[in-house]
Amino acid sequence: MSGTNAMKILVSDSLSKQGIAILEKAGFTVDVKTKLPKEELLKEIKQYDGLIVRSGTKVTADVIAAAVRLKVIGRAGSGLDNVDTQAATKRGIVVMNTPGGNTVTTAEHTMSMIFAMSRRIPQATASVKAGKWEKDKFMGVELYNKTLGIVGIGQIGGYLSKLAQGASMNVIAYDPYLAPERAEKMGVELVDLPELFKRADIVSVHTPLTAETKSLINSKVIASMKQGVMIVNCARGGIINEADLVEALKSKKVAAAAFDVFEDEPVKADNPLLVLDNFVCTPHIGAQTSEAQENVAIGIAEQVVDYFTKGIARGAVNIPSIPPDLLPKLQPYLTLAEKIGMLQSQLYEGGLERVTVEYNGEVAGLSVAPLTIAVLKGLLTPILEDVVNYVNAPVIAKERGIEVKEVKSSDAGDFTSVIRVRIEAGKKAHCLAGTLHNRKEPRIIEIDDFQVEVVPEGHMMLILNEDKPGVIGAVGQALGDHNVNIARMQCAREDRGGNALLIFGLDASLPAKVLEAIKRGKHILSIKLVDLSH
């Protein structure tokens, strides 16, 4: 891109000097204005071409709407909870981050929390500083030969496994999307979730917060764990049900717990966890080391410079690094490909082994490499704690032992173009296909053996049921009784009297009690909740 000297960059959260120096060396005008009230940010943002944030600035849809010149939003770090990526994409604004920059730091912090719990270091420190010498009070446990159960073994979980193995711990892991061969190379035993909870002396969660993982660890799950288990969460608040954990800590079923993240942040002073002696916590500082902050600052600055000077969108989470003149034609297919991947990832179970992407019709004549990456991004995003983007998706797939193939055909049947994604996971095959309605709106047209026409957006519930009368009415009644509104609905079946598929689009995520009520209904075989709202 030309005219870089005229580019103005707003840095609205603290950023290391090394990052700012890189931007200024490239000839950009850089203004550092931190902790701006929203009203001031809405006024200031109008004059900037680029915005660099950390977790403090909330880049909401109205901020993006006010940013008339904005071309890129850079997040120095991995999490994008504070950026409305959908709103940015609609405006054609590139959103980029620096995944991996805090992998080591977060894993080390998790391991530190495990040491702190096992030896009661914070409590002993407080006791000594209070003038006491309570040597007999702080009996600890050795980590040697203990079993660490890691839920979600992406980059952070994977590095944590190395640290634990260095402490002579046994590591078991639950990750339905990790190939067994990859786990074997890591020296990690893959187990299912109930077995992990039953066997682990210490449980550490490393997953994103989704409808599936919210309250993943609750009173029922805790009851299945060992007496005296320890639990650590340095991933996302809400994965562990805090109210249930309080009771388990009080009863000593859970010997100790350590959190770096909470359901509500900043954590409220009256949170009952804070008064428990066997609870250790930190204020979301898993990524807070000078090395990590320097790494992400340098990384995001270099990425912003590359985008403005070379047109290369490294680390972009919403736009692949392709020539700008090709983007308009590819963009609808990119959205379709990513939606297919996201939906597919939330429907199958088992270690993902193979992905075959078939391009049929007009789309086969386009540059499909970015589309395959979009499929991988969609497949991997809902299942990894690590933020997945168009740059690292192929690398993550390779690291996890996933084989990826492309197939092209000029025949799309009754459609102009069809993208079909076939996967093999858990020794089973699954297929999903989609097309564009009016050449721009994504539609899902096949889910395994069912022919459908589904708008892939928002919260969805897919029910596999026996093709018997009354099922639709019973489900609708259950939703209505709990004030859950149905945005759209359709049904499909294999053969009369065989299996049928009900697909509901919902206005909001489904409460657990409603899900349980539907599961108890007659002729229900399985239910999958899907979140395509991001």
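Points to keep in mind about this one:
- Qualifying positions in region 200-226 - among the hydroxyl-bearing types (Ser, Thr, Tyr), surrounded by fewer than 20 Cβ atoms within 10 Å (Cβ to Cβ) and closer than 19 Å to Lys146 by Cβ: Ser224
- Region 412-437: number of residues that are in a loop (DSSP other than H, G, I, E, B) and among the small types (Gly, Ala, Ser): 3
- For Gly497, the stated conditions hold: it is farther than 21 Å from Tyr348 by Cβ and either assigned to a strand (DSSP E or B) or not basic (Lys, Arg) (or both).
- When residues in region 438-475 are screened for being touching a His at 6+ places or on another chain (Cβ under 9 Å), assigned to a strand (DSSP E or B) and farther than 22 Å from Gly378 by Cα, 2 of them pass.
- Test: residue in region 355-366 that is surrounded by 23 or more Cβ atoms within 10 Å (Cβ to Cβ) and among the hydroxyl-bearing types (Ser, Thr, Tyr): yes
- One residue stands out among those in region 141-160 that are surrounded by 24 or more Cβ atoms within 10 Å (Cβ to Cβ) and in contact with a helix residue (DSSP H, G or I) (Cβ under 6 Å, 6 or more places away or on another chain): the one that is nearest to Ile402 (Cα to Cα), which is Ile156.
Residues are listed down the side, and each one gets a yes or a no for (1) closer than 14 Å to Pro456 by Cα; (2) modelled with pLDDT of 90 or more:
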{"site": "Arg488", "(1), (2)": "yes, yes"}
{"site": "Glu494", "(1), (2)": "no, no"}
{"site": "Gly497", "(1), (2)": "no, no"}
{"site": "Phe504", "(1), (2)": "yes, yes"}
{"site": "Ser509", "(1), (2)": "no, no"}
{"site": "Arg520", "(1), (2)": "no, no"}
{"site": "Ile524", "(1), (2)": "no, yes"}
{"site": "Ile527", "(1), (2)": "no, yes"}
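- Scanning region 100-136 for residues that are under 22 Å from Ile202 (Cβ atoms) and either β-branched (Val, Ile, Thr) or loosely packed, with under 13 Cβ neighbours inside 10 Å (or both) yields a total of 8.
- Taken over region 175-221, residues that are within 18 Å of the chain's Cα centre (by Cα) and assigned to a loop (DSSP other than H, G, I, E, B) amount to 15.
- Of the residues screened, Ile9 is one that is touching a Phe, Trp or Tyr at 6+ places or on another chain (Cβ under 8 Å), assigned to a strand (DSSP E or B) and among the β-branched types (Val, Ile, Thr).
- Search result, residues across region 246-280 that are farther than 21 Å from Ala126 by Cβ, of a type in the set (Asp, Glu), assigned to a loop (DSSP other than H, G, I, E, B) and out of contact with any Gly (no Cβ under 6 Å at 6 or more places or on another chain): Asp264, Glu265
- In region 227-273, residue surrounded by the fewest Cβ atoms within 10 Å (Cβ to Cβ) [restricted to those that are without any contact (Cβ under 8 Å) to a residue 24 or more places away in the chain and under 22 Å from Gln288 (Cβ atoms)]: Ala269
The values are calculated or read from the model by the stated rules, or taken from the named source; none is laboratory data. Every value quoted in this text rests on a predicted model; they were computed, and no experiment measured them. Positions of Cβ are generated from backbone atoms using ideal geometry, with glycine treated the same way; all protein chains shown enter the neighbour counts.
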